[in-house]
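Bear in mind that the values in this text are calculations on the coordinates, not laboratory data. This structure is a prediction, so every number in the text was calculated from the model and none was measured. Glycine also receives a Cβ, built like all others from the backbone with ideal geometry; neighbour counts cover every protein chain displayed.
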Amino acid sequence: MSEEVLEAEKKELAKQYKELLKISYRRLTAADKRLIRSAFDVAVDAHKDQRRKSGEAYVFHPIAVAKIVASEIGLDATSIAAALLHDVVEDTTYTLADIEQLFGETVARIVDGLTKISNMPYDKDVSLQAENFRKMLLTLNEDIRVIIIKIADRLHNMQTMDAMPEHKRVKLASETLYIYAPLAHRIGLYNIKTELEDLGLKYTEPEVYNDILDKIKESKEQQDAYIEDFTKVIKDSLDAEKLDYNIKGRPKSIFSIRRKMTTQNVSFDEVYDKFAVRIIYKSEPENEKFIAWKIYSIVTDHFRPNPTRLRDWISSPKSTGYEALHITVMGPQGRWVEVQIRSERMNEIAEKGYAAHYKYKNDEKEDVGLDDWLNKLQTSLENAEINAVDFVEDFKLNLYAKEIFVFSPKGDLYSLAKGATALDFAFNIHTEVGLKTRGAKVNGKLVPLSHVLKSGDQVEIMTSEKSQPTANWLNYATTGKARSKIKSSLKEEQKTIAAEGKEILIRKLRSLKITLDERTINQLVVYFKLKTSLDLFYRVGAGIIDNKKLKDFAASRNNAFVSFFKNRIRKPDKPEDVEREEITQKYDQLVFGKDEEKLEYKLANCCNPIPGDDVFGFITVSEGIKVHKQNCPNALQLQSNYGYRIIQAKWIDSSQSDFKAELLITGIDTIGLVNEVTKVVSNNLHINMKSVHFDSNDGIFTGRIVVVVKNKTILNNLVENIKKINGIDKVTRS
């Protein structure tokens with residue numbers, strides 16, 4: 001490394017240190033500055049010989065993470081020091097004991113929580129990544145700062161990902177969308193959540209991301225003009241009330257626009273709320289609510305509100321501490337506009353999340369809402385038996401959940417995820433109440449346990465000592481806590497029955513002159529098509545495997561053993577068979593991996609890929625390779641949780657074979673429309689129509705056509721031709 005470069009890096013380090021102190025959200029004491037300086041010096045020394053893939057000195061990464069923690073999240077000096085040191089124990093010669101000696105127990109505990117889990121043994125069928133997430137979430141109970149610094153670390157990695165190879169980018173981005181963005185959302189770091197989502201989309205679907213970004217840039221002038229028109233209408237009324245306020249427009253994130261395009265099946269131009277208008281006002285704490293509702297009344301005097309779209313998070317703040325009034329009004333040019341009304345304090349909490357509460361709480365206590373959430377999370381973490389992937393899925397159930405508020409018979413207020421059932425409410429009160437639930441009353445009326453609750457409901461849970469969970473309860477529960485407790489209870493019951501079943505099996509086999517050893521257990525598991533010995537013992541204990549079935553097993557035991565052996569010693573294919581196969585499969589071939597190998601595969605039912613689609617292969621446990629479209633609803637989960645089982649795949653030719661595709665058509669019902677559609681399909685020689693279904697409801701026409709095509713180009717042509725028919729509104733591929 002040349003002298004000039006090293007000199008430039010030294011200057012840059014000095015500049016970064018000053019900047020770190022300057023941009024800190026908190027007032028730093030002299031002791032705080034000493035702590036940060038020491039951590040800065042140790043980080044520079046520890047990482048002095050390391051470089052990032054981009055060629056930059058590695059130490060600039062922990063400094064960047066510390067800057068995010070200091071300014072964007074607003075954490076304390078302890079957190080800033082821990083962020084500077086977050087990679088020291090893992091990557092350098094410094095030990096955890098060194099960190100504790102130099103910086104004390106708290107910093108060491110946070111750094112320990114942040115140190116990545118390496119050389120961890122894991123079952124090949126359980127995702128290593130999911131296990132990492134689970135362990136990472138377990139650290140939440142230790143110190144919330146661990147998870148916040150982890151999010152900052154991921155944000156900086158996402159911001160500097162261009163130097164990485166593409167497959168690593170896709171994996172990291174999928175993982176970010178799958179777990180880190182929802183975590184940031186749940187902790188109340190909305191700005192960071194938005195940036196993580198946008199960067200996640202940038203690397204998982206670059207074309208989509210760039211297309212929306214370009215369109216947002218193009219429409220910025222138009223958006224600014226619209227906000228000016230909106231402001232003109234209400235400005236005089238706000239000024240007459242002598243309010244100190246600021247109105248600005250905020251474009252919705254690229255990710256949220258993409259989500260709306262997908263869920264509502266609309267184009268970019270058809271997404272009506274691509275930005276929100278934000279009114280931020282100055283106020284003394286005692287007048288905050290009064291002024292918010294005054295601004296609400298002024299806005300709704302001038303613009304007609306949509307009564308179903310009022311969100312009052314001032315009277316009942318979100319559990320993250322978020323406070324605001326959101327209203328959707330019919331703005332100029334007949335467009336719906338979301339208006340967010342917040343005080344400066346509320347705005348700061350919305351942007352800084354968790355940390356901003358310290359600034360506005362005289363007693364310096366932690367945010368009660370977040371504390372409450374952490375306690376709830378901890379109860380679901382206590383169940384050590386739950387499979388790591390299930391755990392992450394159950395945890396995610398609670399992340400993006402919108403909230404409802406319900407009351408107990410005594411009038412206590414509980415917050416639950418939207419879509420929660422009476423059974424979820426029972427587990428929310430207490431695990432023991434949930435496990436002993438016999439029935440529920442909502443607003444005085446008896447309801448099934450699967451009854452979905454609404455905000456304002458008064459819910460009474462009836463319990464009985466004799467009640468216990470059944471497998472059906474998993475269909476009635478939606479929250480992660482309820483589901484994990486039910487699964488845990490069912491497992492305990494299964495174990496008890498299995499223990500009895502094992503004793504019964506020993507006795508029954510003895511009467512058939514068979515000894516229950518490991519070999520016999522394996523034969524029984526194979527014979528009854530089960531997965532584990534636990535399943536076998538449980539079925540015997542529950543009476544599903546009875547005397548007759550065991551006698552049948554004994555009779556076929558020898559035959560089964562022989563046929564099992566024959567299957568194992570299968571002759572390899574003859575060379576001429578392989579060649580013949582290659583000839584017949586020459587066209588429409590999918591190839592896998594860098595070497596473009598031709599392997600056995602199945603097309604996934606969840607997304608039905610056809611030649612021309614961007615695809616990837618997923619190595620399943622029992623069904624070989626399953627091929628999914630890159631934008632398959634399950635792709636993120638698979639790429640994030642099972643990165644090591646993903647295999648690159650692409651089509652090398654698409655001119656011979658036929659593939660099935662389903663088209664959904666909507667439009668305004670007119671005479672002869674069905675005839676027109678079928679004529680367009682049947683006129684194309686390269687398309688075979690397999691099934692047709694049309695419905696008409698109050699003048700709206702919907703059609704579902706299954707066609708067989710040779711490739712994507714032919715299908716796209718067909719879609720365009722159907723769109724040209726008068727009365728057709730949309731044609732999409734399911």
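Structure shown: which of LYS215/LYS282; LYS282/LYS352; LYS10/LYS53 lie over 26 Å apart, alpha-carbon to alpha-carbon?
LYS215/LYS282, as the Cα separations exceed 26 Å there.
Determine, for HIS430, HIS86, the number of other Cβ atoms within 10 Å of each Cβ, and report the residues in order from fewest to most.
By the 10 Å Cβ count, ascending, the order reads HIS430, HIS86.
Quick check: from the Cα gyration tensor, does the stretch 137-257 come out rounded (a/c under 1.5), prolate or oblate?
oblate
Please label the shape of the stretch 242-294 as rounded, prolate or oblate, based on the square roots a ≥ b ≥ c of the eigenvalues of the alpha-carbon gyration tensor (a/c under 1.5 means rounded; beyond that, a/b larger than b/c means prolate, else oblate).
Prolate shape, in that a/c is at least 1.5 and a/b is the bigger ratio.
May I ask you to list the lysines whose Cα is less than 20 Å away from that of LYS441, ignoring any residue fewer than eight positions away on the same chain?
Correct list for LYS441: LYS410, LYS418, LYS454, LYS466.
Could you run the Karplus curve 6.51 cos²θ - 1.76 cosθ + 1.60 with θ = phi - 60° over the stretch 93-107 and give me ³J(HN,Hα) per residue in whole Hz, x for Gly and Pro?
7, 5, 9, 5, 4, 4, 5, 5, 5, 7, 10, x, 5, 5, 4
Order by neighbour count: TYR414, TYR226, fewest other Cβ atoms within 10 Å first, most last.
TYR414, TYR226
Would you list, by chain and number, the lysines whose Cα falls below 17 Å from the Cα of LYS650, excluding same-chain residues fewer than 8 positions away?
LYS650 reaches LYS586, LYS594, LYS598, LYS602, LYS626, LYS629, LYS710, LYS712.
Go through the stretch 242-251 residue by residue and turn each phi into a ³J(HN,Hα) via Karplus (6.51, -1.76, 1.60, θ = phi - 60°); whole Hz please, and just put x for glycine and proline.
6, 8, 9, 9, 9, 10, 9, x, 10, x
Quick one: 3J(HN,Hα) in Hz for the stretch 48-54, Karplus 6.51/-1.76/1.60 with θ = phi - 60°, rounded, Gly and Pro as x.
The phi angles translate into 4, 9, 9, 10, 7, 4, 6 Hz.
Normalise the Debye intensity by I(0) for the stretch 583-734, one equal point scatterer per Cα, no solvent, then take log10 at q = 0.10, 0.14 Å⁻¹ and round to two decimals.
-0.43, -0.75
Need the list of lysines near LYS549 for cross-linking: C-alpha distance under 23 angstrom, and skip anything on the same chain fewer than eight residues off.
LYS495, LYS502, LYS508, LYS513, LYS529, LYS531
What shape does the stretch 219-360 have by the C-alpha gyration tensor, where a ≥ b ≥ c are the square roots of the eigenvalues, rounded means a/c under 1.5, and otherwise prolate means a/b greater than b/c and oblate the rest?
oblate
Would you list SER408, SER267 from fewest to most Cβ contacts within 10 Å?
SER267, SER408
Can you list residues whose amide H is under 5 Å from ASP669's amide H, if they're 5+ apart or on another chain and H is modeled 1.01 Å from N?
ILE700, PHE701
Mind checking which of TYR281, PHE268, SER343 is farthest towards the positive end of the stretch 219-360's charge dipole, using Cβ charges of +1 (Lys, Arg) and -1 (Asp, Glu) about the Cα centre?
PHE268
Give me the orientation-averaged projected area of the Cα convex hull of the stretch 659-733, in nm², one decimal.
One quarter of the hull surface, i.e. the mean projection, equals 4.2 nm².
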